[in-house]
1. Amide H neighbours of K37 under 5 Å, at least 5 residues apart or on other chains, H built in the peptide plane: list them.
2. Within the chain, report the GluC sites (Glu not before Pro) that DSSP leaves as loop and that have at most 12 other Cβ atoms within 10 Å.
3. Nearest 20 debye, what's the magnitude of the dipole of segment 5-61 about its Cα centre given +1 on Lys and Arg Cβ and -1 on Asp and Glu Cβ?
4. Counting other Cβ atoms within 10 Å, which trypsin sites (Lys or Arg not before Pro) in the chain have at most 16 and lie in a DSSP loop?
Amino acid sequence: LPALFKQELQNIEAEEGGTATLRCELTKPNALVEWRKGDTTLYPGLKYEMKQQGSTAELVIYDLELDDS
């Protein structure tokens, strides 16, 4: 069975130039998570950091810009 979200994802507010952390909890621990913005897959680097522990996955976005919304 595919991994599903345990709760609906929530919007967050953050200031330009700041950092935002998006979290999701999945029904399967250690499921493969692919973070995307529209059709674009996001990869770790200076702008994005991906973390995963058990069934919780996080995306940290640094140096926020208007285009990150």
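1. Answer set, sorted by chain and number: L42.
2. Values: sites: E8, E13, E15, E16, E25, E34, E49, E58, E65; in loops: E8, E13, E15, E16, E34, E65.
Filter output for the chain: E8, E13, E15, E16, E34, E65.
3. Values: 7 positive and 9 negative charges, 56 e Å.
Approximately 280 debye in magnitude.
4. Working: sites: K6, R23, R36, K37, K47, K51; in loops: K6, K47.
Hits after loop and neighbour filter: K6, K47.
Values in this text are rule-based calculations from the coordinates and carry no lab data. None of the values given here were measured: they were computed from a predicted structure. Quick reminder, even Gly has a Cβ in these numbers, built from the backbone with ideal geometry, and neighbours come from all protein chains shown.
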